[in-house]
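Here's the structure, in structure tokens; my notes come after.
Derivation of every value follows stated rules applied to the coordinates shown; laboratory data play no part. Just so we're clear, the structure is a prediction, and the values are computed from it rather than from any experiment. When we count neighbours, we look across all protein chains shown, and the Cβ atoms used for this are built from the backbone with ideal geometry, even at glycine.
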Amino acid sequence: MSKNKKRNNKRNNEKMTDEQKKQNPEQESAVINPDEVAEEAAKAPEAEQSYEELTLSAEEVKALKEKLDKLQEDRDDAVKQAQRLQAEFENYRKRNVQIAADSRDDGVRDTVKNLLPVLDNFERALENAPDDAFTAGIRNISRQFADALKKCGAEEIEASGKFDPNLHDAVMKDSIEGMESGDITAVLQKGYRVKGKIVRYAMVKVNE
């Protein structure tokens with residue numbers, strides 16, 4: 001290809017480029033300059049970090065401190081109130097548990113007290129009963145009945161030695177030589193306690 005022809009092609013290309021720019025002016029303006037982009041990005045953090053400085057007067061600082069102290073006081077009062085409510089609820093729960101336990105125990109004591117005359121009748125019937133098979137059967141029943149009362153917590157009150165008004169009920173007096181005054185001479189009816197409380201005092205005779 002000759003040199004003249006190459007020059008003509010170059011002129012034609014440049015001419016076509018200029019004409020394309022005239023026909024599409026927006027395409028030329030859309031070209032992005034990397035240096036300008038980097039400069040704008042560097043300025044962005046500074047714009048985000050800019051803020052207006054706040055200045056408070058002494059009165060405003062004092063008011064804020066008083067408000068903070070009041071909030072802390074209210075918080076402490078709320079915590080103390082919650083703790084009191086929790087303690088009261090725990091005491092209420094314990095009282096209910098104790099009341100329920102006492103109610104059960106009282107029911108057992110009443111039951112044992114009502115059944116004691118039956119045990120007394122068994123023992124009286126066996127005192128002078130003949131020694132035969134029938135009496136042996138009654139004795140076994142009486143023993144089983146007494147064991148059932150023991151399982152309910154019934155305990156026989158000791159009725160020997162000195163008279164104790166907290167345990168015994170003196171219904172008769174004796175005058176026996178060789179015994180001191182206040183000694184128990186006979187047990188007329190056995191006494192019982194259930195779970196630490198007396199359900200029936202022992203009826204006794206006491207020496208004068």
#### Entry: Interchain or long-range residues, amide H under 5 Å from Ile157's placed H
Gly191, Tyr192, Arg193
### Estimated FRET transfer efficiency when R0 is 25 angstrom, pair Asp164-Lys113 (beta carbons, to 0.05)
0.80
### Query
Tell me, Met172, Met179 in order of fewest to most beta-carbon neighbours within 10 Å?
Met172, Met179
### Query
Structure shown: which of Lys162/Lys190; Lys151/Lys205; Lys151/Lys195 lie over 20 Å apart, alpha-carbon to alpha-carbon?
Lys151/Lys205
### Task
Find the percent of Cα-Cα distances in region 95-207 that exceed 26 Å, and round it to a whole number.
34
